[in-house]
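*Asks:* Questions regarding the structure given below will be posed in turn.
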Amino acid sequence: MAGVPEKVVQEVELCMSSSAPINSKVDSIVQLLRSNGLAHEQVLTPAQILVHPENRGKTMVAFHDVWAKGVQMASVGFQKKMLEGATICTQLATSESKRQAQIAANRQLVADSKGHLAPVSGQEGFLSLAGSHSVAFLRCLQNGIQGPDGYHCSIAKSDPAWKAIEEGWTWVVLAASIEEAIPQLPNFIQMAANSTNSISKAINELEVALQIASGFEKGLSLPEAVRQASQGDVRCRASIPHIAKFVQQFGGGSHGFPLLHFLANFSRQFNATLLVGQEVMATLATMDFRDATCMFPMLRVACWATLLTSPKTQDGFAKIITRSDLEKLRSDSMRSQVEQAETILQDAWKVQVSLGETHHQAHMIKCYGRLSVRTILFLTGKQKSGRDGTHWQTLQAILGAYTKEVQDAAGTRATSSAQHEPQAEMKVTDVLSASARTIALLQNHHMEIGQYTTREHGSKVFQLSQVDDDHARMSHMSLFAGQEDIQVPLQKLALWKVTKLLMPRLCPSELATASMAASVLVEERAKVEVQLALHKAAEKHHLDSDHLAFGQNPQGLFAAKSIRKTIRLIPLGTVNKAKSNKETKLTIHHAGLSWTIGPFRQNLHFEEDSPACLVPYFWCKPTSEADEASMVFSSIVESGITIPCLENPEPLQQHQQLQYLAATAEVSEEAQPEHAQASEASGPSEPKAKAKTKAKAKAKGKGTEMSEPPSKKAKK
């Protein structure tokens, strides 16, 4: 569980699924994490904080929303006390790859903001879950970022907002390991935060759809994901059943829900945090085109995209197309054009997917979004109401415009990159009295102390070490020939170009010797040995579906038939080095190290062709009732390694659920007074207690025998 005790994970998940109000749940979860050393309070400044990539169903924040909320906060007066202890963040991931992905998501968010969000400095160490819009706005103020049209504001240095920027305020900080153990928690906390904020953005239908999709991707069933998404302050609550249907059928499939993310990315470019409305949402999800072979998914997505970018709004609801406009698409008179439009949209989406890796993503999203909007406005006869303003004569003309815009993607990418490059710091210089060195550097902005190359020296990389009034000094270090120094006249500096190549470097002999030694691989070998022992044990004690059955609602493991012999459930999963000395039921000691076992991804929904698996051990559930416990914790030895397992001390009845006694129940039993235990021992339950003790002793005695190969058993 990545450093998070299994008991804590279970308690957090139980709290998340309870019927308590969502903010009460978050308070309880934070208190639980604090008591286990997984959360603490810390004073942080906005400069230290980025946006969590999971926020708002992975849409993070929209720059228009940041400025709208910021201007509103400024108009009523910024109050830091409203944020003290109420804002929640998590540490950046400890995994290098995941940490880089989190930072990259924020860089992409800034790149898509058209210069209206503060750049990523690389010094940030935290990701906001609650207070994201406030932090993003304060970062903009600190970096002198201007807002989009209609959202300009000027805040004096004496304003409390600047004190918050410079001094920060108290945050609740969650450990990075929390998200690894409970992936759905960040989004859950963000939903609660949106319900709490006095100045918050309404959660629209698309955001609910993304939250449902995110929960489903993290292992929740669709009903569970819908229930979790419903707990926030959702303005479109009445539309949730229809939103769930759209996610289920028209989101693009469970492998990433690409059509939903297209809608999110496209709408973000147009400040499109608009609501659709219950009637329109119901029509989008349920309208029947009376076609046995096609449900027109791309046409529905295009309709939603058109609504999200509507220039005509009322009270936050899109008004460019109505329910009657959508119903018109189902008419017999529109059949031919609607079928042609669906074909065009489906073919263009295939192009979109195939070119996504080689073309600028934001440009491709905008191209397909424009195609979608133009198509729907053409079909509904509302082209004059759109943002484009162009009157298209045919669907083929719209397709031709899309093709041309896609072909221009490379040029747009270059232009966009140039626009988003950070501007160099501007300094005032007196060129009349400046030295030759200063003037040379002014005329060669690319020249700084660093690495450069020129054709004259082939592929050699030279480092600029010094600039004097008559020449610049460069040096090159080869692998074996030593250092080469040259002097470059100032007038020739323009011939030198910046390179990303690095200087040749020879590994020190001592380091090479130490790194090539097998001793550095001992830990990895031990890990492999533990993993192999797990697999061997699982193979020896394997039981097929004739013996065990997996159930859902309730979720659990059951005996498919009566089982008289002792069975052992092996926790087959991924092996990782333990990050703490705390013992758990899934701790293995080998080669002087402690190892923990994590479950493989389980096929929770019994899907055919699923890459997930079913490991019986992880389907055996805890119970607080001793008389319901049919399994006990035990261990076996495989290849000299002691492996934890679950075994039955008594025969199992057909259809009996396999459960083990929860740790809390065990503690409560051990804590009973001696006279109470003595009373129980002499009471009516004595025969049953003796039977259990006898069964446990019998199972323990069979431990060695069960772990032996069948051939040895036969010889005995």
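*Asks:* If the chain between Gln100 and His655 were fully stretched, how many nm would it gain, using 0.36 nm times the residue separation less the Cα-Cα distance? Numbers along the way, then the final one.
*Replies:* Working: separation 555, 0.36 × 555 = 199.80 nm, distance 4.80 nm.
Taking Gln100 through His655 to full extension adds about 195.0 nm, to one decimal.
*Asks:* Determine the sum of side-chain charges near Pro160: Lys and Arg each +1, Asp and Glu each -1, restricted to other residues whose C-beta is under 12 angstrom from that of Pro160. Present the calculation step by step, with values, prior to reporting the outcome.
*Replies:* Numbers: positive: Lys80, Lys81, Lys157, Lys163; negative: Asp159, Glu166, Glu167.
Its environment carries a net charge of +1.
*Asks:* For the stretch 625-656, which GluC sites (Glu not before Pro) are in a loop by DSSP, counting at most 16 other Cβ atoms within 10 Å?
*Replies:* Glu625
*Asks:* For the stretch 1-56, take the alpha-carbon Rg, divide it by the Kirkwood Rh, and send me Rg/Rh. Provide the component values of the computation, followed by the final result.
*Replies:* On the way: Rg = 13.4 Å, Rh = 13.2 Å.
On the Cα set of the stretch 1-56, Rg over Rh gives 1.02.
*Asks:* Is the shape of the stretch 590-669 best called rounded, prolate or oblate, per the rule: a/c under 1.5 gives rounded, else a/b larger than b/c gives prolate, else oblate, with a ≥ b ≥ c the square roots of the Cα gyration tensor eigenvalues?
*Replies:* Working: a/c = 1.75, a/b = 1.04, b/c = 1.68.
Because a/c hits 1.5 or more and a/b fails to exceed b/c, the stretch 590-669 counts as oblate.
*Asks:* Taking Cα pairs under 8 Å and at least six residues apart, what relative contact order does the stretch 1-201 come out at, in percent? Spell out each step's value before the answer.
*Replies:* Working: 284 pairs, mean separation 75.9, N = 201.
That works out to 38 percent.
*Asks:* Now, a different point. Averaging over every viewing direction, what projected area does the convex hull of the Cα atoms of the stretch 268-340 cover, in nm²? Show your work: numbers first, answer last.
*Replies:* Details: hull surface 20.9 nm².
Averaging across all directions leaves 5.2 nm² for the Cα convex hull.
*Asks:* Hey, what's the Kirkwood Rh for the stretch 1-201 if you take every pair of different alpha carbons, in angstrom? Don't skip to the answer; put the middle values down first.
*Replies:* Values: mean 1/r = 0.0581 Å⁻¹.
Evaluated on the stretch 1-201, it is 17.2 Å.
*Asks:* Continuing with the same structure: For the stretch 28-115, what does the alpha-carbon gyration tensor say about shape, rounded, prolate or oblate, given a ≥ b ≥ c as the root eigenvalues, a/c under 1.5 as rounded, and a/b over b/c as prolate? All intermediate terms of the calculation are to be shown ahead of the outcome.
*Replies:* Values: a/c = 2.23, a/b = 1.11, b/c = 2.01.
Taking the square roots of the gyration eigenvalues as a ≥ b ≥ c, the stretch 28-115 is oblate.
*Asks:* Evaluate E = 1/(1 + (r/R0)^6) for Thr499 and Gln146, where r is the Cβ-Cβ distance and R0 equals 51 Å; express this FRET efficiency to the nearest 0.05.
*Replies:* 0.90
*Asks:* Taking a threshold of 29 Å on the Cα-Cα distance, which of the pairs Lys25/Lys81; Lys350/Lys500; Lys58/Lys114; Lys404/Lys500; Lys218/Lys582; Lys80/Lys319 fall above it? Don't jump to the answer; show the numbers that get you there.
*Replies:* Working: Lys25/Lys81 23 Å; Lys350/Lys500 35 Å; Lys58/Lys114 19 Å; Lys404/Lys500 34 Å; Lys218/Lys582 27 Å; Lys80/Lys319 37 Å.
The pairs that break the limit, which is 29 Å between Cα atoms, are Lys350/Lys500; Lys404/Lys500; Lys80/Lys319.
*Asks:* What is the packing order of peptides 105-114, 309-318, 8-17, taking the mean over residues of other C-beta atoms within 10 Å and listing the highest first? Mind showing how you got there, number by number?
*Replies:* Values: 105-114: 18.9, 309-318: 14.8, 8-17: 16.8.
Sorting 105-114, 309-318, 8-17 by mean packing, highest first, produces 105-114, 8-17, 309-318.
*Asks:* Rounded if a/c is under 1.5, else prolate if a/b is larger than b/c, else oblate: which is the stretch 236-419, with a ≥ b ≥ c the root eigenvalues of its Cα gyration tensor? Let's see the in-between values first.
*Replies:* Values: a/c = 1.42, a/b = 1.32, b/c = 1.07.
Rounded shape, in that the Cα axes give a/c under 1.5.
*Asks:* May I pose another question? So if I take the centroid of the Cα atoms in the stretch 105-143 and the same for the stretch 226-269, what is the distance between those two points in Å?
*Replies:* Value for the Cα centre distance between the two parts: 25 Å.
*Asks:* Tally Lys and Arg at +1 and Asp and Glu at -1 over the other residues with C-beta under 11 Å from the C-beta of Trp171: what net charge comes out?
*Replies:* Working: positive: none; negative: Glu41, Glu84.
Here the count lands on -2.
*Asks:* Further, regarding this structure: Would you list Trp392, Trp595 from fewest to most Cβ contacts within 10 Å? Intermediate values should be presented prior to the final figure.
*Replies:* On the way: Trp392 17, Trp595 21.
If I rank by nearby Cβ atoms, fewest first, I get Trp392, Trp595.
*Asks:* At what distance in nm do the modelled label points of Ala20 and Lys565 sit from each other, each positioned 7 Å from its Cα along Cα→Cβ?
*Replies:* According to this spin-label approximation, the distance is 4.7 nm.
*Asks:* Follow-up question, since we're still on this one. Roughly how many whole Å is it from the C-alpha centroid of the stretch 1-75 to that of the stretch 613-636?
*Replies:* Here the answer is 32 Å between Cα centres.
*Asks:* Taking H as built 1.01 Å from N, whose amide H comes closer than 5 Å to the amide H of Thr574, not counting residues under 5 places away?
*Replies:* Here Gly598, Phe600 satisfy the definition.
Read-outs: derived from the displayed coordinates by stated rules, not from any lab. Since the model is a prediction, treat every value here as computed from it, not as a measurement. For neighbour counting, all protein chains shown are included, and Cβ atoms are generated from backbone atoms with ideal geometry for every residue, glycine included.
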